[in-house]
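Below: one structure, written as structure tokens.
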Amino acid sequence: MGESSLAPTLLLAMPQMMDPNFARSVVLLCKHEAEGAMGLVVNRRTDTRAADMVVLDPPPKRDSGLQIWVGGPVEPQRGWLLLGYDPGTQESLAIGEGMYLSASADVLRRIIENSEDSAPGGLQHRFLLGYAGWGGGQLESELAASAWLTAEVSRDLVFRTDPERMWETAIRSLGIDPYALQMGSGVH
């Protein structure tokens, strides 16, 4: 990342964000360059279990109950593992202090087959489908239009906060009452 990169950071949607993909979302910005930006929505859990959707050969021996999360609207067929620990594989990419991104089928298999409390890092992992993407200058324009607040990345917030409360918790961590934020005419 260059000197002007915002990554890693959390993007917190302002209340006027009307796009259903991002309303009340918390996005972990993983990459930010002049050509564009990439992030993962981290507070959109589904009821679908990864073992029911993922095709691994051979099939997993056990099902830990790992749920699928919606990472964003771009390439919803693409899977990402967001980890709060180093998985010890070459395919993983450090995206912040103690946070890693991986697309490794071997790591996914380990997480699916192990119970949550025996997995490395406990519950510090997410399997997300899709991602949030911005073209060159697009995110900067949205930030200038006050579509997003930014906050420091917190592993506890990402992995230990109820996804239904994460947006409000993140905004309150900035010392801001989310219900006192100025409402605008809408973004997107």
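The values are calculated or read from the model by the stated rules, or taken from the named source; none is laboratory data. Small disclaimer: the values here were computed from a predicted structure and weren't measured. Quick reminder, even Gly has a Cβ in these numbers, built from the backbone with ideal geometry, and neighbours come from all protein chains shown. Ligands, DNA and RNA are stripped out before the accessible areas are found, and what is left, the full protein with its side chains, is counted by its heavy atoms. Shrake-Rupley method; radii C 1.70, N 1.55, O 1.52, S 1.80 Å.
Sites counted here are trypsin sites (Lys or Arg not before Pro) in a DSSP loop (not H, G, I, E or B) having no more than 16 other Cβ atoms within 10 Å; the longest part of the chain that contains none of them is 63-188. Which percent of the accessible heavy-atom area of the stretch 137-183 goes to carbon and sulfur, probe 1.4 angstrom? For the stretch 137-183, the apolar C and S fraction of the accessible surface comes to 46 percent.
The residues of the stretch 1-75 have, on average, 50 Å² of accessible surface per residue, using a 1.4 Å probe with all protein chains present.
Over the chain, DSSP H runs of length four or greater, each weighted -39,500 (n - 2.57), average out per residue to a 222 nm ellipticity of -5000 deg cm²/dmol.
Please return the longest range in the chain lying between exposed loop sites, taking GluC sites (Glu not before Pro), DSSP loop only, at most 13 other beta-carbon atoms within 10 Å, and leaving the sites out. All intermediate terms of the calculation are to be shown ahead of the outcome.
Values: sites that count: Glu3, Glu35, Glu97, Glu152.
In short, 36-96.
With both residues required to sit in the chain, DSSP beta bridges show an antiparallel share near 90%.
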